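Reading through the structure tokens given below for one structure.
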Amino acid sequence: MRGELHALEGGLALRGVIDMHVGAELRGAARRLLAAGVAAEVTLDCAGIEQSSSVGLSLLLCLLRDAQATGKRLRICNLPADLRQVAEVYGLLELLPLAD
């Protein structure tokens, strides 16, 4: 399934395949949702990610920066093992605000 972003109560959810074909589109959608939301803390549920690459990691880092720019705190939950491993390889895991 092509990568998608869905709004949830109190957060957002990523689903599908996150790759270079959808990365910019998902970031734009997330920016709009973050700007429109009123919650100070936003949870990003990654349980539905089927497959990702370094594009997924880049997207997470961009969303973290975008949330901070709007005065919100982003918490990432259910990060898939393969995406966690990519973050570890690049030495970026400690930058991700993981809820679990």
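Just give me the residues in the range 59-89 being surrounded by 16 or more Cβ atoms within 10 Å (Cβ to Cβ) and among the small types (Gly, Ala, Ser), in sequence order.
Once the filter is applied, which keeps residues that are surrounded by 16 or more Cβ atoms within 10 Å (Cβ to Cβ) and among the small types (Gly, Ala, Ser), the range 59-89 yields 67, 87.
List the residue pairs whose Cβ atoms are under 6 Å apart, where the first residue sits in the range 68-93 and is modelled with pLDDT of 95 or more and assigned to a loop (DSSP other than H, G, I, E, B), the second is among the β-branched types (Val, Ile, Thr) and crowded, with 16+ Cβ neighbours inside 10 Å, and the two are 6 or more positions apart or on different chains.
Hits for this filter: 80/49.
Picking from 40, 24, 47, which residue would you name as being surrounded by fewer than 16 Cβ atoms within 10 Å (Cβ to Cβ) and at pLDDT 95 or above?
Every option except 47 fails the conditions.
Of everything in the range 4-21 that's assigned to a loop (DSSP other than H, G, I, E, B) and in contact (Cβ under 8 Å) with a residue 24 or more places away in the chain, which residue is farthest from residue 51 (Cα to Cα)? Talk me through it step by step, then tell me what you get.
At the first step, the residues of the range 4-21 found to be assigned to a loop (DSSP other than H, G, I, E, B) are 9-10, 19-21.
Still in the running and in contact (Cβ under 8 Å) with a residue 24 or more places away in the chain: 10, 19-20.
Details: 10: 24, 19: 8, 20: 12 Å.
Only one residue fits best here, namely 10.
Name the single residue that is farthest from residue 80 (Cα to Cα) among those in the range 29-64 being among the hydroxyl-bearing types (Ser, Thr, Tyr) and not in a helix (DSSP H, G or I). Reasoning before the result, please.
Initial filter on the range 29-64 (among the hydroxyl-bearing types (Ser, Thr, Tyr)): 43, 52-54, 58.
Still in the list and also not in a helix (DSSP H, G or I): 43, 52-53.
Working: 43: 15, 52: 9, 53: 11 Å.
Result: 43.
If you go through the range 9-28 one residue at a time, how many are of a type in the set (A, V, I, L, M, F, W, C) and farther than 20 Å from residue 86 by Cα?
If we filter the range 9-28 for residues that are of a type in the set (A, V, I, L, M, F, W, C), which is where we start, we get 12-14, 17-18, 20, 22, 24, 26.
From what's left, farther than 20 Å from residue 86 by Cα: 12.
Count: 1.
Within the range 27-47, which residues are in contact with a strand residue (DSSP E or B) (Cβ under 6 Å, 6 or more places away or on another chain) and over 18 Å from residue 96 (Cα atoms)?
Result: 29, 33.
The values are calculated or read from the model by the stated rules, or taken from the named source; none is laboratory data. No experiment lies behind these values; they were computed from the predicted model shown. Methodologically, a virtual Cβ is constructed for each residue, glycine included, from the backbone with ideal geometry; neighbour enumeration extends over all protein chains shown.
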